[in-house]
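The next block holds one structure in the form of structure tokens; read it before the comments.
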Amino acid sequence: MPSHRSRLFASLLMAVFAGLFVPSASALSFLPWENVRISYDTFTHSDGIQRTVGVMLPTQRSSTPTPALIALHFNQGSAASMANLSEIGEIARDAGIVVLLPMAHDLTWSHTPTELNASDDSGFLAAMIDEYVARYQLDPHRIYMTGHSQGGNMTVRFACDHPEKIAAAAVVAATMRKALGRQCKPALPTPMVFFNGTEDKQVLYDTGLNSITRDLLGIGAMGAKNAVQFWADINQCGTASNEQTLPPSVNDGTRIRVNRYTQCPPGRGVMHYTIVGGGHSWPGALDFIPVTGLTTQNLRANQAMWTFMKEFSR
């Protein structure tokens, strides 16, 4: 019988051959996970827009309220394409938590505060959390959020706007817009872990000419180190971090550098995984879109982020 990853690869490969470099909402359905029940919900925010939410429920749940992880898709992605690309269902399976995969209106998150005619995505996510805590008996003190690319930008935006709703967050292949940084003054700190590739051509790791050009276009983003330090400051973690290079498990052209901020007060934390040689990808996922750069197999983002996030509660 084909393995889960071989089924996933076949499905994604078919999408690529069909000309879909980024799988669209209709290109993929959820691939199954053992002991996880998958379904779709709809939720209408006060703005009158009905949005779709993918739900991954572990079949074995305790009688106590369950933690939940909200996973936000990339630009023009969907609940299914995000779930299949990241293989985020393994957290529902292995940790016994609920995974929620909301879909943005028009499949594009409004993560920049200066955006005109923007959807109220922060408000939608906050209202969805309140509704789904009741609907699925979730633990309101242990709601977490992650996102890939534009979904990572939206995760940071939400931590600026509604930090009281989430206990920790993970940002993959994203940093944060400089326009958001100028306005972000959260009432509470949010523990953060970032995953960034040094060869990411869409989210620049360092500043340079391309960064200046983006600033002039009004879409400038912080470099990875600056974004991490921004959240280290919010979490009062100081500037010093403990840097470690992990021994590679496979020779795939990447290596992993980890920076841990060790001076954070209790209940706060910041970490940064730098994927040296890595591209605009989800660490540990299948490397099925070569145009986005290398996808490291020396780190599994799902496991690393859950190890970080589960230590925090709000």
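The values are calculated or read from the model by the stated rules, or taken from the named source; none is laboratory data. Keep in mind that what you see is a predicted model, and the values were worked out from it rather than measured. As a convention, Cβ positions derive from the backbone with ideal geometry for all residues, glycine included, and neighbour counts pool all protein chains shown. Side chains are part of the model used for accessible areas, which takes the heavy atoms of the whole protein and leaves out ligands, DNA and RNA. Shrake-Rupley method; radii C 1.70, N 1.55, O 1.52, S 1.80 Å.
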Accessible-area order for SER119, SER86, largest to smallest, probe 1.4 angstrom, reads SER119, SER86
Quick calc, the chain, dipole around Cα centre from Cβ unit charges on Lys, Arg (+) and Asp, Glu (-), nearest 20 debye, gives 400 debye
Relative contact order in percent for the range 60-152 (Cα pairs under 8 Å, 6+ apart) equals 47 percent
Once both label points are put 7 Å beyond Cα along the C-beta direction, the ASP106-SER39 separation in nm becomes 3.1 nm
Heavy-atom accessible area of LEU125, protein chains in place, probe 1.4 angstrom, given in Å² to nearest 10, is 0 Å²
Rounded to the nearest 500, the 222 nm mean residue ellipticity computed for the chain from DSSP H runs (n ≥ 4, each -39500 (n - 2.57)) alone is -8500 deg cm²/dmol
Rounded to a whole %, the carbon-and-sulfur portion of the accessible area of the chain at a 1.4 Å probe is 53 percent
Gyration tensor on Cα atoms of the range 109-267, a ≥ b ≥ c root eigenvalues, a/c under 1.5 rounded, else prolate if a/b beats b/c, else oblate, says oblate
One finds, for ASN242 and THR307 with R0 = 25 angstrom and r their Cβ-Cβ distance, a FRET efficiency to the nearest 0.05 of 0.95
Straight-line reach check, LYS201, cutoff 18 Å on alpha carbons, 8 or more apart in-chain or any other chain, hits among aspartates and glutamates -> ASP215, ASP287
Full extension between SER249 and GLU115 adds, at 0.36 nm per residue less the Cα distance, a length in nm of 44.0 nm
Here the tail fraction of P(r) beyond 29 Å, over all Cα-Cα pairs of the chain, rounds in percent to 31 percent
Applying the gyration tensor rule to the Cα atoms of the range 24-80 (axes a ≥ b ≥ c; rounded if a/c under 1.5, else prolate if a/b exceeds b/c, else oblate), the class is oblate
Nearest-0.05 FRET efficiency for GLN137 and VAL291 at R0 = 51 Å, using Cβ-Cβ distance, is 0.75
Relative contact order of the chain (C-alpha contacts under 8 Å, at least 6 apart) in percent is 15 percent
Scalar couplings 3J(HN,Hα) for the range 305-313 by Karplus 6.51 cos²θ - 1.76 cosθ + 1.60 (θ = phi - 60°), nearest whole Hz, x for Gly and Pro, are 5, 5, 4, 6, 5, 5, 7, 10, 9
Result for the chain: accessible area per residue, probe 1.4 angstrom, in square angstrom, of 43 Å²
